[in-house]
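See structure below.
The values are calculated or read from the model by the stated rules, or taken from the named source; none is laboratory data. Everything numeric here is computed off the predicted structure, so don't read it as measured data. Cβ placement follows ideal geometry from the backbone for every residue including glycine, while neighbour counts extend to all protein chains displayed. Areas reflect the complete protein model, heavy atoms only, side chains present, ligands, DNA and RNA absent. Shrake-Rupley method; radii C 1.70, N 1.55, O 1.52, S 1.80 Å.
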Amino acid sequence: MFQDPETQLTQMRVEDEIAFGPENLGLPPDEIADRVTWALDAVELPGIATAIRHTCRGREAARAIAAILAMRPRVLVLDEPTANLDPGSKAAVFGVLARLARQRQMAILIATQDVERASSAMPAGCSCFTRDASCSMGGRPRCLRTSTT
């Protein structure tokens, strides 16, 4: 997911946005419909499939994540998924990601400056990579502060 989710959302209707990827995989319509429903439920946006995009302001990150989830990836890569969000929306995004990591056993790679919130939200066993690619493994993610000298 891009830092600004609006840049990856291209369709006017939410359902069309979520279905775009699976349609391009050539999946049958019934499976596409199932994936749309599942993805919207996974990001806690059930019942908005037929909504017009501009009526769902503030939930762009969740819609972008749902569009990715409909593709059923094994790895979810997000660049600053909570940039420019209020604290409540940040908590909601990290809550969705933590639930996905636990329930779907999905690998989630997050580039974020909000390390404290990400650390408290993600399940144990996660890793945090720093600028120099050093890695801390096990337990809660930790960010190793590195100097730029």
Write down the accessible area per residue of the range 65-125 in Å², having rolled a 1.4 Å probe over the full set of protein chains. 50
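What percent do you get for the relative contact order of the range 54-120 when only Cα pairs under 8 Å and 6+ apart count? Intermediate results must be reported in sequence, preceding the final value.
On the way: 45 pairs, mean separation 25.4, N = 67.
The value is 38 percent.
What ranking do 16-26, 35-45 get when scored by the average of other Cβ atoms within 10 Å per residue, highest first? Show your work: numbers first, answer last.
Values: 16-26: 17.3, 35-45: 19.5.
Packing proxy ranking, top to bottom: 35-45, 16-26.
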Which residues qualify? For Val77, with a placed amide H closer than 5 Å and at least 5 residues away or on another chain, they are Leu109
How much length, in nm to one decimal, is gained on full extension between Glu31 and Gln11, taken as 0.36 nm per residue of separation minus their Cα-Cα distance? 5.2 nm
